[in-house]
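The values are calculated or read from the model by the stated rules, or taken from the named source; none is laboratory data. Just so it is clear, the structure is predicted and the values come from calculations on it, not from any experiment. All Cβ positions, glycine included, derive from the backbone under ideal geometry; neighbour counts span all protein chains shown. These area figures cover heavy atoms from the full protein model, side chains too; ligands, DNA and RNA do not enter into them. Shrake-Rupley method; radii C 1.70, N 1.55, O 1.52, S 1.80 Å.
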Amino acid sequence: MTDVSSDVYRQSLVELSCRFRRSWVDMARALVELKQTRTYESWGYSDLYAYCNKELFIRKPTVDKLVGSFETLEQYAPSLLTRDEPEQPIPSYDAVDYFARALSEQQDGDLSVASDRIDDFREAVFEQAKPISSLRREFGAVFFGKSEQQEALERLERTHVSIRRLCGLLTKCAGVSSDRLERATLALEELQSEVQGLIEETRTKVEQEQAELEEAPEVHQDTSMSYSAAHEQLS
């Protein structure tokens with residue numbers, strides 16, 4: 001690669017970094033190619049991350065997410081990479097990364113997910129291009145397990161049902177003094193009321209968690225550095 005063509009290539013990467021919010025696939029493809037060719041070494045950088053951080057203003061976690069998401073697209077939706085104008089919308093790289101992490105969690109963890117749920121997940125990401133907030137809400141518990149608040153809510157609800165059943169059984173106990181039954185029933189009713197309060201409190205926390213997932217913005221570029229600012233680094 002000549003110095004002139006190398007400079008043009010180098011400049012094209014800076015331009016891509018400034019617009020990859022709209023075209024992350026192009027940026028990711030370029031990073032994958034750069035990772036393979038190691039052209040950054042001729043520009044004085046020891047590794048891909050140092051180059052990306054200095055000239056593209058993209059930090060290591062985002063580089064890894066972009067490269068990993070592109071490789072996931074290659075595996076699960078290669079048609080999105082072979083058309084200039086794909087028929088279905090391009091999913092965000094956050095959504096693709098979430099899909100990849102979910103499958104890895106399912107393979108490495110204790111959760112066993114039915115194949116039809118994996119197919120539903122794949123369709124939601126690659127065909128429907130759902131935002132990551134919707135994916136978390138719909139598939140989070142399936143692939144990553146329930147949150148602590150969700151598990152706490154289920155335990156409280158089971159406890160509430162058990163107390164109610166015990167209250168019903170006490171009314172049918174023969175041979176127990178009415179005074180003792182009355183005291184036991186009163187204590188259980190107080191406990192049931194307390195558990196009901198905890199249920200309502202925990203349910204509110206669960207609903208807040210869900211609302212935060214729906215409202216959470218998708219993470220894109222690490223910086224709002226403009227093209228002109230990036231260009232100055234090469235001047």
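Contact map, segment 197-208: first residue free of Cβ contacts under 8 Å to residues at least 60 places away in the same chain, second residue among the aromatic types (Phe, Trp, Tyr) and not in a helix (DSSP H, G or I), Cβ cut-off under 8 Å, separation 6 or more or different chains; the map is empty. If you filter segment 77-97 down to residues that are in a helix (DSSP H, G or I) and modelled with pLDDT under 90, you find that the one that is surrounded by the fewest Cβ atoms within 10 Å (Cβ to Cβ) is Thr82.
If you filter segment 105-120 down to residues that are under 16 Å from the mean Cα position of the chain (by Cα) and open to solvent by less than 50 Å² (accessible area, probe 1.4 Å), you find that the one that is modelled with the lowest pLDDT is Gln106. With respect to the conditions (1) open to solvent by less than 60 Å² (accessible area, probe 1.4 Å); (2) modelled with pLDDT of 90 or more, Glu189 falls short on a single one, namely (1). All of (1) open to solvent by 30 Å² or more (accessible area, probe 1.4 Å); (2) modelled with pLDDT of 90 or more; (3) over 15 Å from Ala102 (Cβ atoms) hold for Glu123 with one exception: (3).
Tell me the residue from Ala211, Ala229 that is touching a Phe, Trp or Tyr at 6+ places or on another chain (Cβ under 9 Å), at pLDDT below 80 and among the small types (Gly, Ala, Ser), please.
Values: Ala211 fails: touching a Phe, Trp or Tyr at 6+ places or on another chain (Cβ under 9 Å).
The match here is Ala229.
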